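The block underneath contains the structure these notes are about, expressed in structure tokens.
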Protein chains: 2
Amino acid sequence: MVAAVGSAALYTDRYELTMLTAALADGTADRRCVFEVFARRLPDGRRYGVVAGTGRLLEQLADLRFDEDDVAWLQAEGVVDARTADHLRGWRFRGSVEGYPEGEVYVPGSPLLTVRGTFAEAVLLETLVLSVLNHDSAVAAAASRMTSAADGRPCLEMGSRRTHEEAAVAAARAAAVAGFSATSNLAAGRRYGIPTVGTAAHAFTLLHDDEDAAFRSQLAAQGAGTTLLVDTYDVEAAVARAVALAGPDLGAVRLDSGDLGELATQVRAQLDALGASRTRVVVTSDLDEFAVAALAAAPVDGYGVGTSLVTGSGAPTAGLVYKLVAREDASGAMRGVAKASPGKSTVAGAKRAWREMDGDAAVAEVLVVEGSAADDGAPVPGARPLQVPLVSDGVVVAGGTTGADGVRRAAARHEASRAELPAQARRLGRGEPCLPTEVRSAAPSR
Amino acid sequence: MVAAVGSAALYTDRYELTMLTAALADGTADRRCVFEVFARRLPDGRRYGVVAGTGRLLEQLADLRFDEDDVAWLQAEGVVDARTADHLRGWRFRGSVEGYPEGEVYVPGSPLLTVRGTFAEAVLLETLVLSVLNHDSAVAAAASRMTSAADGRPCLEMGSRRTHEEAAVAAARAAAVAGFSATSNLAAGRRYGIPTVGTAAHAFTLLHDDEDAAFRSQLAAQGAGTTLLVDTYDVEAAVARAVALAGPDLGAVRLDSGDLGELATQVRAQLDALGASRTRVVVTSDLDEFAVAALAAAPVDGYGVGTSLVTGSGAPTAGLVYKLVAREDASGAMRGVAKASPGKSTVAGAKRAWREMDGDAAVAEVLVVEGSAADDGAPVPGARPLQVPLVSDGVVVAGGTTGADGVRRAAARHEASRAELPAQARRLGRGEPCLPTEVRSAAPSR
């Protein structure tokens, strides 16, 4: 949105380009590679993760190029040599990507995204892929816990002011993927077709000579269906005036401070006594999934969530990594590779991912290592496949993944996949992942 | 960078525009207002906050406009009426802004930014101002604790992959404001002139048939001054090969896993024994300010910090708010205003901010309420003024605040301001703000 210097290809760590430079010089840049994106563990005792950001990634991937000024800058800075600079002028991603559909749930080891291409193609995607998926999946995972705790009551995303202005748009989108009904963020509304909400802040009341004047003005401009903010001075007095001015068709009142459960109960009783039984009570003010759950018994009709949503409710990044799991060797054969670093070791080989089902209930994540003895090419019995083609030879082939369509489809996918999870998945307390991950590389004993 | 729909003016919560619509209709839109940005409290037992993002904000503010498509969309969505749509077509910020210089430290109540303008001008800045300052200040506050704990050893920002791709650029910038030496993020290097670093990841070693081939290739491309990553397989063997191949002028080795303190000690001894006494030892891998502090006694020459930096080390948002503190009344006089919401009450009136000094040591934050009995127009004795003019009648008047200059100046400001703080400011454990905030509104008793 802001006219910034540089193309999106510079959303990249310097070492991707220095590795490319060395690999172009030594001839390994053309080796075919497979990189996988996965989480070693879920953050913070979480039961499941939520894939989000895939649509945003595909929107950017299609146009990812280094422009001439980028290349000149990289060469002047000594990041790349002349050969690499020439290579970057013609660079685009021509490889293939498959992955979990956006909105799908995941557990540790799930290969959310599998990137196949030459080293030169695939290495340059690492930082951008991880930035998009780590941010958006972190927000979606928190959002899913909130919509789960809200148990059908609408959740409204209102956290833009608590995060980077562009991250705010992505956060609103990720929240919608995980079941939020609307956002306060206008850019997200415009770009992704997410319904927008918002009526007035305390500043509007303070701007006027008294609360009465502010309410009258808001009602005149927005009609009786609006939401009046009633906690600037005295809640009881404000609710009385709100109904007196708007009549019993007042859309909603909003509470943004104090003990929300107690206040909601009082306000509900007062509204009912005033005949405004259809007027809704919306609460905001530092809500997270625990506060939402604690309000289950209170007469609340909607939750506005800000800070804790856009910051992932204690887990602001999903901890996804992008790891080389297989590559061509000097003879042209593909070989699984893995590092042995303590605490960070990886499993060699690309994985085919399946969700083992018992009827409508998910029971395990099954990962079959490609080319291993376990890989007989057949479907895993009683399981649904998790990976879909996203990009083929550089062309986005997944339909309906970008823009507003992508958000709608991802939200539907999330709702369906979450419904398959065992009951413990909905528990908010710390615990183990709700599905075990089984990696199969040995031949089945039959 | 990405061709996104919509202008930066849409980085805004819907309610800013619905409030504007009502205020235009009732005549209060032209009332002169003063909004202040401040933190009610510091996050998480922190001792001080760091102002960051001011330069980024000014870069965007200068060009902030609604384009015709934005306006048409807002009207079609029913966010604004025809009158407001017309108003937005000509809207730009014509008010004035003053604030703490970027890099300055702050405590609860410090008015980091003061925005003066009509309600119509100033209300539309709220979301963007808070997004920029909340994100960047959160990262800078964490970064400042890290550079403080590193006590002169270089800190390198490497967290791009753990946060939104555009937030990553802002995070690299905020880290530089708080004393980080360099970043892995190329976009940040290009936009803000921050030095970039990075040589190779584990994938580069795995791409090659063996570690030897990878090291040879990297040395051929980057020279002996490069940093070799030595923990893909066996650290001791890798260090031996690294020195054998590069010679004693090898720039550095990087450790990215395991017990970093113990490993660094072993590797340092091994390097010295091999005659590579000038080869540096750089550590990465989930560092935060506590891990950095714990490595103070280890022979470490540089810290690469990722996740915890870009996520604010437990406090991913600074919790800054944008509050109306004064506005014109019907008679044309300015009046202080404040809300009474429990736990969220505000202090009426614009504040002039001073840092009370005892020689070179800061001792308190003094806020004088404008127009109060305490406001005699004279400087506070023994104090330095904290606010500088940033924007005057819509024009950016602060020189050297944007681009690379802005980062350099902010870093210098931060270093100087942090040096004035009492010793307890450098403690990492939870505690009280390192300076008391004194709000003066009553006349001094003389």
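Taking H placed 1.01 Å from N in the peptide plane, check which residues at least 5 places from residue B:383 or on another chain put their amide H under 5 Å from its amide H.
For residue B:383, whose amide H was placed from the backbone, the distant partners under 5 Å are B:357.
Might you report the magnitude of the Cβ-based charge dipole of chain A about its Cα centre, with Lys and Arg at +1 and Asp and Glu at -1, to the nearest 20 debye?
1100 debye
Treating the angle as unsigned and between 0 and 90°, give the value, to the nearest 10°, between the Cα long axis of helix B:235-246 and the longest Cα principal axis of chain B.
80 degrees
Using a 1.4 Å probe on the protein heavy atoms, what percent of the accessible area of the range A:1-83 belongs to carbon and sulfur?
47 percent
Would you work out the relative contact order for chain A, in percent, from Cα pairs under 8 angstrom that are 6 or more residues apart?
23 percent
Can you list the copy-to-copy distances for residue A:359, using a point 7 angstrom from Cα toward Cβ, in nanometres, shortest first?
7.9
Note down the accessible area of residue B:307, probe 1.4 Å, to the nearest 10 Å².
For residue B:307, solvent-accessible area is about 40 Å².
With an 8 Å cut-off on Cα pairs and a minimum separation of 6 or more residues, tell me the relative contact order of the range A:303-446 in percent.
Over the range A:303-446, the number comes to 21 percent.
To one decimal in nm, how far is residue B:385 from the same spot in the other copies, if labels go 7 Å from Cα toward Cβ? Please give the shortest first.
Result for residue B:385, in nm, nearest copy first: 7.0.
Going through the range A:9-64, which trypsin sites (Lys or Arg not before Pro) have at most 14 other Cβ atoms within 10 Å and a DSSP loop state?
Of the trypsin sites (Lys or Arg not before Pro), the ones in loops of the range A:9-64 whose Cβ has at most 14 other Cβ atoms within 10 Å are A:40, A:41.
Treating the angle as unsigned and between 0 and 90°, give the value, to the nearest 10°, between the Cα long axis of helix A:165-177 and the longest Cα principal axis of chain A.
Tilt relative to chain A: about 90 degrees.
Taking the label point 7 Å from Cα in the Cβ direction, how far apart in nm is residue B:265 from each other copy of itself, listed shortest first?
Once sorted, the set of distances for residue B:265 reads 5.8 nm.
Taking only DSSP H segments of four or more residues, each worth -39500 (n - 2.57), what value at 222 nm results for the protein assembly as shown once the sum is divided by all its residues, to the nearest 500 deg cm²/dmol?
Computed ellipticity for the protein assembly as shown at 222 nm equals -10500 deg cm²/dmol.
Taking residue A:351 as the anchor, which lysines have their alpha carbon closer than 30 Å to its alpha carbon, excluding any fewer than eight residues away along the same chain?
A:323, A:339
As a test question: what accessible area, to the nearest 10 Å², does residue B:87 have when a 1.4 Å probe is rolled over all protein chains in place?
The value for residue B:87 is about 60 Å².
Please list, by residue number, everything in the range B:41-71 whose backbone N is under 17 Å from a paramagnetic label point 7 Å out along Cα→Cβ of residue B:94.
B:62-66
What are the ³J(HN,Hα) values, in whole Hz, obtained from phi via the Karplus relation 6.51 cos²θ - 1.76 cosθ + 1.60 with θ = phi - 60°, for each residue of the range B:94-99 in sequence order, with x given for Gly and Pro?
10, x, 10, 9, 10, x
For the range A:387-410 and the range B:124-180, compute the distance between their C-alpha centroids and round to whole Å.
Answer, in whole Å: 33.
Within the range A:40-89, list the GluC sites (Glu not before Pro) lying in a DSSP loop whose Cβ has at most 15 other Cβ atoms in a 10 Å radius.
Loop-located and lightly packed - A:77.
What FRET efficiency, computed as 1/(1 + (r/R0)^6) with R0 = 35 Å and r the Cβ-Cβ distance, is obtained for residue A:41 and residue B:269, rounded to the nearest 0.05?
Approximately 0.60, to the nearest 0.05.
Round to the nearest 10 and give me the degree value, 0 to 90, for the angle of helix A:260-273's Cα axis relative to the longest principal axis of chain A.
40 degrees
With an 8 Å cut-off on Cα pairs and a minimum separation of 6 or more residues, tell me the relative contact order of the range A:144-313 in percent.
The value is 26 percent.
Ignoring ligands, DNA and RNA, what accessible area per residue does the protein assembly as shown give at 1.4 Å, in Å²?
Accessible area per residue, the protein assembly as shown: 34 Å².
Which one, A:391, A:133, B:309, projects farthest toward the positive side of the charge dipole computed for the protein assembly as shown from Cβ point charges (K/R +1, D/E -1)?
Highest projection toward the positive end goes to B:309.
How many nm is it between the label spots at residue B:358 and residue A:329, if each spot is 7 Å from the Cα in line with the beta carbon?
The two pseudo-label positions are separated by 7.1 nm.
Taking both sides together, what accessible area is buried at the B/A interface, probe 1.4 Å, expressed in Å² and rounded to the nearest 100?
In total, this chain pair buries about 8500 Å².
What does the charge dipole of the range B:151-311 about its Cα centre add up to, to the nearest 20 debye, if the Cβ of each Lys and Arg holds +1 and the Cβ of each Asp and Glu holds -1?
Dipole about the Cα centre, nearest 20: 660 debye.
Looking at the range A:138-185, which residues lose a minimum of 10 Å² of accessible area between their chain alone and all protein chains in place, measuring with a 1.4 Å probe and not counting ligands or nucleic acids?
A:160, A:161, A:162, A:163, A:164, A:165, A:166, A:167, A:184, A:185
The values are calculated or read from the model by the stated rules, or taken from the named source; none is laboratory data. Since this is a predicted model, take the numbers as computed values, not measurements. In this analysis, Cβ positions are derived from the backbone assuming ideal geometry, glycine residues included, and neighbour counts consider all displayed protein chains. Please note that ligands, DNA and RNA were not included when accessible areas were found on the heavy atoms of the full protein model with its side chains. Shrake-Rupley method; radii C 1.70, N 1.55, O 1.52, S 1.80 Å.
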